Amino acid sequence: GPGTYQVTLIAGTYTVAWSGNSSLCQSSVAPPVPCNDGPILEGLALTSDGALDVNVPAVKVQGTVAIDGTLMPSAQGDRGSLTFRSKGSSPLETTSFGSSGPAAYQVTLVSGAYSVEWNGNSSLCDGPTAPPVPCNDGPILKDVALTGAGVLDVSVPTVKVQGTVA
């Protein structure tokens, strides 16, 4: 049901922020509330007693993750995850994509503009051959407006590098 609150504050100007529970987005179904933290109201003047009802702008996002536009291949260990990062919000990491099978995610975020980052498993680069997925971390998408529920499929661009060390 609806949450309630009561608080006594010093009169002034405030930012009202949502404090999410990131563990809620560590399952196969996105929860009804955002899993990350983030500002809801900014520059809010609170100078007299009264009611302040707050609407938390929750955005459910789901999608698949590909490597260079094709289904994510199996690997010898955990293939990685995604992180959604927004200015003023806490970053939110998806569940791991495991070592095989389709790579998909579902999260609920505070509405806003996000960068989407790949979180690789560095131990995949410990073997004698190049892994099928990136083993480092880095940005994939920047300034993605996530303001309504929908699908955001992601393709991770890769390069394979080899050489000798002298």
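The values are calculated or read from the model by the stated rules, or taken from the named source; none is laboratory data. These numbers come from a predicted model, not from an experiment. Virtual Cβ from ideal backbone geometry, glycine too; neighbours counted across all protein chains shown. Remember, those area values only see protein heavy atoms, side chains included, never the ligands or the DNA or RNA. Shrake-Rupley method; radii C 1.70, N 1.55, O 1.52, S 1.80 Å.
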Return the residue satisfying two criteria in turn: it lies in the range 103-143 and is charged (D, E, K, R) and over 26 Å from GLU42 (Cα atoms), and of such residues it is modelled with the lowest pLDDT. ASP126
Pick from the range 121-151, criterion in contact (Cβ under 8 Å) with a residue 60 or more places away in the chain and surrounded by fewer than 19 Cβ atoms within 10 Å (Cβ to Cβ), ranking: nearest to PRO32 (Cα to Cα): ALA149
Could you give every pair whose Cβ atoms fall below 8 Å, whose first residue belongs to the range 1-14 and is within 13 Å of GLY50 (Cβ to Cβ), and whose second residue is outside any loop (DSSP other than H, G, I, E, B) and open to solvent by less than 90 Å² (accessible area, probe 1.4 Å), counting only separations of at least 6 or pairs across chains? LEU9/LEU46; ALA11/LEU46
Selected residue (criterion: most open to solvent (accessible area, probe 1.4 Å)) from residues of the range 81-120 that are under 20 Å from CYS25 (Cα atoms) and more than 13 Å from the chain's Cα centre (by Cα): PRO102
Residues satisfying the stated conditions in the range 34-65, i.e. under 30 Å from CYS125 (Cβ atoms) and open to solvent by less than 20 Å² (accessible area, probe 1.4 Å): CYS35, ASN36, VAL61, GLY63, VAL65
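Can you tell me which residues in the range 7-25 are under 30 Å from ALA103 (Cα atoms) and surrounded by 15 or more Cβ atoms within 10 Å (Cβ to Cβ)? I'd like the intermediate steps shown before the answer.
First, pick out the residues of the range 7-25 that are under 30 Å from ALA103 (Cα atoms): 18-25.
Matches in the range 7-25: TRP18, GLY20, SER22, LEU24, CYS25.
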Quick one: count up the residues across the range 54-63 that are modelled with pLDDT of 95 or more and not hydrophobic (A, V, I, L, M, F, W, C). 3
Entirely in the range 53-166, the strands (runs of 3 or more DSSP E) that have 2 or more residues that are touching a Phe, Trp or Tyr at 6+ places or on another chain (Cβ under 8 Å) and within 28 Å of ALA17 (Cα to Cα): 58-67, 81-85, 104-110, 112-119, 138-146
Count, please, the residues in the range 1-37 that happen to be over 12 Å from THR108 (Cα atoms) and at pLDDT 90 or above. 16
Out of the residues in the range 152-166 that are of a type outside the set (Ser, Thr, Tyr) and more than 20 Å from the chain's Cα centre (by Cα), which is most open to solvent (accessible area, probe 1.4 Å)? GLN162
